[in-house]
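First up is the structure itself, then whatever we jot down about it.
The values are calculated or read from the model by the stated rules, or taken from the named source; none is laboratory data. The structure displayed is predicted, hence computed values, not measured ones. Methodologically, a virtual Cβ is constructed for each residue, glycine included, from the backbone with ideal geometry; neighbour enumeration extends over all protein chains shown.
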Amino acid sequence: MSDTTPKKAPFSMQIDPALFEPATAEEKKQQEVMSESTTFLKDSMKKLMRNPLAVFSIVVLAFILIVIIVAPLVVPYGYSEILKYNGMKDKTAMNLAPFQYSANEQKYMAENGVTLFPHIFGTDELSRDYFIRVVYGTRVSLAVGFFASLIVLVIGVLYGSISGYCGGRVDLIMMRIVDVIYSLPDMLVIILLSVVLKELLDGSKGIIARLGTNMVSIFIVFGMLYWVGMARLVRGQILSVKENEYVLAAKSIGTSSPRIIRRHILPNCLSVIIITTALQIPSAIFTESFLSFIGLGVAAPMPSLGSLANAARQGMQSYPYKLMFPALMICLIVLALNLLGDGLRDALDPKLRK
Amino acid sequence: MARYIVKRVFLAVVTVFIITLITFFTMNAIPGGPFNSEKASSPQVRAALEKRYNLDKPLPEQYIIYMKGLLHGDMGISTKNGRDIGETIRESFKVSATIGGMAALLAIITGIILGSLAALRRNTFIDRLIVFFSTLSTAVPSFVLATLLLYFFCIRLGWVQVWDANHHNYVLPVISLALYPTAYITRLTKTSMLDVLNQDYIRTARAKGVARFHVIFKHALRNALIPVITYVGPMLASILTGSMVVESIFTIGGLGSKFVTGINNRDYPMIMGTTIFLAVLMVTMNLISDIVYKLVDPRITFD
């Protein structure tokens, strides 16, 4: 005991400094419980990457994307190209099995000593390379799913945010319209509209003709019918966000309505919007394949996964694998997108889990 | 509550009315009329036929004539074969309703059983298996499943007879229609069951010594089924429209195939008849499931 220590009264709470020792650097570090500051997006991406199913889906989707981008550059066949031999249609190349060469091709290879590019999935009944058709079909289906969801996103968010923000009579009327569209039997209207639009647009030129009238009609149908779910969600979200104090604060300092919607309200609805869009893509792909299957989808010779599956049905007895390729592709894409959507929902907004 | 029901019924009537409008005018916008395909018919014959079906009148007048007939229960006659549309719909709906009803029943029963099982045996092998299969089956389109089933069981194995006039085999079409709703109901039941099992009243019931059987069936399941009720309406709608493709794969002459051939033949009364019939059916189903939902769970408020 040194003399510097003040005298201690019995039962006093006074602490004796000599009993303490300074913390080492390592011990000090342990006290830092605060982790690095992180943004909302970074945090949710981290959560997403910890979900094995979501990571698996991302890998699968990335693989499919790479294949459908690279394959047309590598494979020397076109999606509507009928295999020819000496300028004539190669009749021996019909309905080849995977990795099989036609009789004419075998002759050609033997004569010239070259190896032709293999028909990875065989050929179809019109002597077209089936692999490249499936690749293009996947491209079409994914593109339809993606752009249809984009249309739904834009219309739904605009409509929902206007309705939710304005409130009152505007909201009432806008939501009645949504209610009516929501209760339309969608498949019936889609079939009806796609027949009509297909016939109406058939004569048109320019961008519509390039895209194919059926594709355009699918987009229009989606734009007309499927935005209502998104609009309802966005409206509900905005109604609850709108009540927050920071919105009131922004209003009181004279911020304009569009700016409040853009800067304060929409960012807080972002997770709902992202999740809904992600889950919209597989449902759009489903609808497109359904329409193509009953012959109302994209126009021949452009393939889509649905129309390929439908075409494969005729030769079911002899070539069952031809149904397998497009069918498995649809299942794989839809499964991966569904799992990714679920993962996004868990990462962005765990409250939404149902 | 009464106000809510009145509002919903009013909305349903408006919806059906809008559907008749959309269908009538879009269908007439399709180029080509019902009598364009008969090349042999002379202009006089065509004019006479068009007069018979009132096609020579302006469109709004045609619509009013049709709606008058419809409200008196007359759906007109087919421009293709001259048969009464109401009669045709009644016949083909019998087939569709049998398949659709069985599929719905199958989906509800298996979905609830599997969903509850997954929730009660949470994080066990059974749970994982059920979740795995329900996730997988939401990714399989009904037409793919129907074609595969047809191939394996009819063509490859020969266990099931292909559908024809004398052999009505419901197994395969019902399974193909039921798969997706089964998976959906399974997921729905599981999540809501898990939710309910964590409620205080379940703990209370357990604590006071109620038998496990009673806790599950009297306390948990009853409450867990409330969200399932809301899905029944949309499910029936999706089964009915999904049956279009499945019917065509199994070559069953149901309502869906009538709709599609009606469009291809420009058979105006047939298109109108099938669309309105299906639309009324779906709107009614949704209405009933919404009202029942509110009746069983008074906490829910719609605005």
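A:L158 falls short on exactly one of the conditions (1) in contact (Cβ under 8 Å) with a residue 12 or more places away in the chain; (2) under 30 Å from A:I261 (Cβ atoms); (3) surrounded by fewer than 16 Cβ atoms within 10 Å (Cβ to Cβ), and that condition is (1).
Just one of (1) buried (at least 18 other Cβ atoms within 10 Å of the Cβ); (2) more than 25 Å from A:N310 (Cβ to Cβ) fails for A:G168. It is (1). Report, by residue number, each residue of segment B:47-69 that is touching a residue at least 60 places away in the same chain (Cβ under 8 Å) and surrounded by fewer than 16 Cβ atoms within 10 Å (Cβ to Cβ). None; the set is empty.
Here is a yes/no grid of residues against (1) in a loop (DSSP other than H, G, I, E, B); (2) at pLDDT 90 or above:
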{"residue": "B:K80", "(1), (2)": "yes, no"}
{"residue": "B:A97", "(1), (2)": "no, no"}
{"residue": "B:A103", "(1), (2)": "no, yes"}
{"residue": "B:A139", "(1), (2)": "yes, no"}
{"residue": "B:L150", "(1), (2)": "no, no"}
{"residue": "B:I155", "(1), (2)": "no, no"}
{"residue": "B:N166", "(1), (2)": "yes, no"}
{"residue": "B:N169", "(1), (2)": "yes, no"}
{"residue": "B:T182", "(1), (2)": "no, yes"}
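Just to be sure before I move on: is B:G158 small (G, A, S), surrounded by fewer than 18 Cβ atoms within 10 Å (Cβ to Cβ), out of contact with any His (no Cβ under 6 Å at 6 or more places or on another chain) and more than 14 Å from chain A (Cβ to nearest Cβ) in the structure I sent? For B:G158, the condition - small (G, A, S), surrounded by fewer than 18 Cβ atoms within 10 Å (Cβ to Cβ), out of contact with any His (no Cβ under 6 Å at 6 or more places or on another chain) and more than 14 Å from chain A (Cβ to nearest Cβ) - is not met.
Within segment B:38-95, which residues are more than 32 Å from the chain's Cα centre (by Cα) and of a type in the set (S, T, Y)? Across segment B:38-95, the qualifying residues are B:S41, B:S42. Can B:L55 be described as outside any helix (DSSP H, G or I), more than 24 Å from B:T241 (Cβ to Cβ) and not assigned by TED's automatic domain parsing to the domain that holds B:S257? The answer is yes for B:L55. Pairs linking a residue in segment A:74-92 that is of a type in the set (G, A, S) to a residue that is part of a loop (DSSP other than H, G, I, E, B), with Cβ atoms under 6 Å and 6 or more positions apart or on different chains, are A:S80/A:P301.
Which of the residues belonging to segment A:295-312 are at pLDDT 80 or above and either in a helix (DSSP H, G or I) or within 12 Å of another protein chain (Cβ to nearest Cβ) (or both)? Give the derivation first.
Just the residues of segment A:295-312 that are at pLDDT 80 or above, to begin with: A:303-312.
A:L305, A:G306, A:S307, A:L308, A:A309, A:N310, A:A311, A:A312, listed by residue number.
Filter segment B:137-155 down to residues that are more than 7 Å from every other protein chain (Cβ to nearest Cβ) and aliphatic (A, V, I, L, M) and give me whichever is farthest from B:A118 (Cα to Cα). The extreme case among them is B:L150.
Does A:I260 satisfy being assigned to a helix (DSSP H, G or I), surrounded by fewer than 22 Cβ atoms within 10 Å (Cβ to Cβ), away from every other protein chain (no Cβ under 13 Å) and under 15 Å from the mean Cα position of the chain (by Cα)? Considered against the rule, which asks whether it is assigned to a helix (DSSP H, G or I), surrounded by fewer than 22 Cβ atoms within 10 Å (Cβ to Cβ), away from every other protein chain (no Cβ under 13 Å) and under 15 Å from the mean Cα position of the chain (by Cα), A:I260 comes out as no. Taking the criterion of being of a type in the set (S, T, Y) and either exposed (fewer than 14 other Cβ atoms within 10 Å of the Cβ) or over 22 Å from A:A312 (Cα atoms) (or both), the only residue of segment A:62-96 that qualifies is A:Y85.
The residue list A:I285, A:I218, A:I238 contains one member that is among the β-branched types (V, I, T), touching a residue at least 40 places away in the same chain (Cβ under 8 Å), over 26 Å from A:L328 (Cα atoms) and buried (at least 21 other Cβ atoms within 10 Å of the Cβ), which is A:I238.
Screening B:I252 against (1) closer than 22 Å to B:E87 by Cβ; (2) part of a helix (DSSP H, G or I) leaves a single unmet condition, (2).
As a summary of the residue check, B:T88 satisfies the conditions (1) in a helix (DSSP H, G or I); (2) of a type in the set (S, T, N, Q); (3) free of Cβ contacts under 8 Å to residues at least 60 places away in the same chain except for the one numbered (3).
Report yes if B:N198 is within 30 Å of B:N54 (Cα to Cα), out of contact with any helix residue (DSSP H, G or I) (no Cβ under 6 Å at 6 or more places or on another chain) and surrounded by fewer than 19 Cβ atoms within 10 Å (Cβ to Cβ), otherwise no. No. Filter segment B:269-303 for residues that are surrounded by 24 or more Cβ atoms within 10 Å (Cβ to Cβ) and among the hydroxyl-bearing types (S, T, Y) and give the result. Matches in segment B:269-303: B:T274, B:T275. Contact map, segment A:36-61: first residue among the polar types (S, T, N, Q), second residue surrounded by 12 or more Cβ atoms within 10 Å (Cβ to Cβ), Cβ cut-off under 6 Å, separation 6 or more or different chains; pairs are A:S44/A:A347; A:S44/A:L348; A:N51/A:G343; A:S57/A:A336; A:S57/A:L339; A:S57/A:L340. Number of residues in segment B:237-292 that are basic (K, R) and either more than 11 Å from chain A (Cβ to nearest Cβ) or under 21 Å from B:P181 (Cα atoms) (or both): the value is 1. The set of residues in segment A:97-125 that are surrounded by 16 or more Cβ atoms within 10 Å (Cβ to Cβ) and within 17 Å of A:R313 (Cα to Cα) comprises A:F121, A:G122, A:T123, A:D124.
Here is a yes/no grid of residues against (1) acidic (D, E); (2) touching a His at 6+ places or on another chain (Cβ under 9 Å); (3) over 21 Å from A:P301 (Cα atoms); (4) modelled with pLDDT of 75 or more:
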{"position": "A:A71", "(1), (2), (3), (4)": "no, no, no, yes"}
{"position": "A:P76", "(1), (2), (3), (4)": "no, no, no, yes"}
{"position": "A:Y79", "(1), (2), (3), (4)": "no, no, no, yes"}
{"position": "A:M88", "(1), (2), (3), (4)": "no, no, no, no"}
{"position": "A:Y108", "(1), (2), (3), (4)": "no, no, yes, yes"}
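Of all the numbered requirements in (1) surrounded by fewer than 22 Cβ atoms within 10 Å (Cβ to Cβ); (2) farther than 22 Å from A:L48 by Cα; (3) more than 10 Å from chain B (Cβ to nearest Cβ), A:S271 misses one, and that requirement is (2).
Of all the residues in segment A:192-203, those that are out of contact with any helix residue (DSSP H, G or I) (no Cβ under 7 Å at 6 or more places or on another chain) and either more than 9 Å from chain B (Cβ to nearest Cβ) or at pLDDT 75 or above (or both) number 1.
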